[in-house]
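First the structure, in the form of structure tokens, and then the observations on it.
The values are calculated or read from the model by the stated rules, or taken from the named source; none is laboratory data. Small disclaimer: the values here were computed from a predicted structure and weren't measured. All Cβ positions, glycine included, derive from the backbone under ideal geometry; neighbour counts span all protein chains shown.
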Amino acid sequence: MIFVFGGAYAGKEDFVKKDLGCDKIIRDLHLIIKKAMQNGKNAYEETERLLDENNDAVFITNEVGSGIVPIDAFEREWREVCGRISCTFAEKADAVYRVVCGIGIKIK
């Protein structure tokens, strides 16, 4: 599994397709987490299942922990859960890339 993260609209998907040549992509992990939480599901269990079913995929997520702390309690909790799940994905990944302005920087 490859884990790719970066800011919104930073060119993550284009980087994965062009530079990594991958076509099995799970996009918007941060939104998958949000939807699970909004539906009262355990986001950790949901993403673990998703990872188990797609351990040969590239997972792409926005980096949501950098910036202003949200005033809304749910948004703060979502931000924290995204960060913790991203740490787990990075730990389990064969490679981790941060994408800035369309340029992927391998950090693992």
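A few points about this structure:
- Listed conditions (1) out of contact with any strand residue (DSSP E or B) (no Cβ under 7 Å at 6 or more places or on another chain); (2) small (Gly, Ala, Ser); (3) within 18 Å of Arg79 (Cβ to Cβ) are all met by Ala8, apart from (1).
- Among the candidates Glu77, Glu46, Glu91, the residue that is surrounded by 10 or more Cβ atoms within 10 Å (Cβ to Cβ), touching a residue at least 24 places away in the same chain (Cβ under 8 Å) and not polar (S, T, N, Q) is uniquely Glu77.
- Region 51-107 - residue that is β-branched (Val, Ile, Thr) and modelled with pLDDT under 95 and, of those, farthest from Asn39 (Cα to Cα): Ile68
- Condition check for Asn39: at pLDDT 95 or above and either in contact with a Leu (Cβ under 7 Å, 6 or more places away or on another chain) or over 17 Å from Val4 (Cα atoms) (or both): yes
- Count of region 1-28 residues which are out of contact with any Cys (no Cβ under 8 Å at 6 or more places or on another chain) and either under 16 Å from Glu91 (Cα atoms) or of a type in the set (Asp, Glu) (or both): 9
- When residues of region 1-25 are limited to those that are closer than 18 Å to Arg84 by Cα and outside any loop (DSSP other than H, G, I, E, B), the one farthest from the chain's Cα centre (by Cα): Ile2
- Contact map, region 1-27: first residue more than 20 Å from Leu50 (Cα to Cα), second residue in a loop (DSSP other than H, G, I, E, B) and among the hydrophobic types (A, V, I, L, M, F, W, C), Cβ cut-off under 8 Å, separation 6 or more or different chains; pairs are Ala10/Cys101; Gly11/Cys101.
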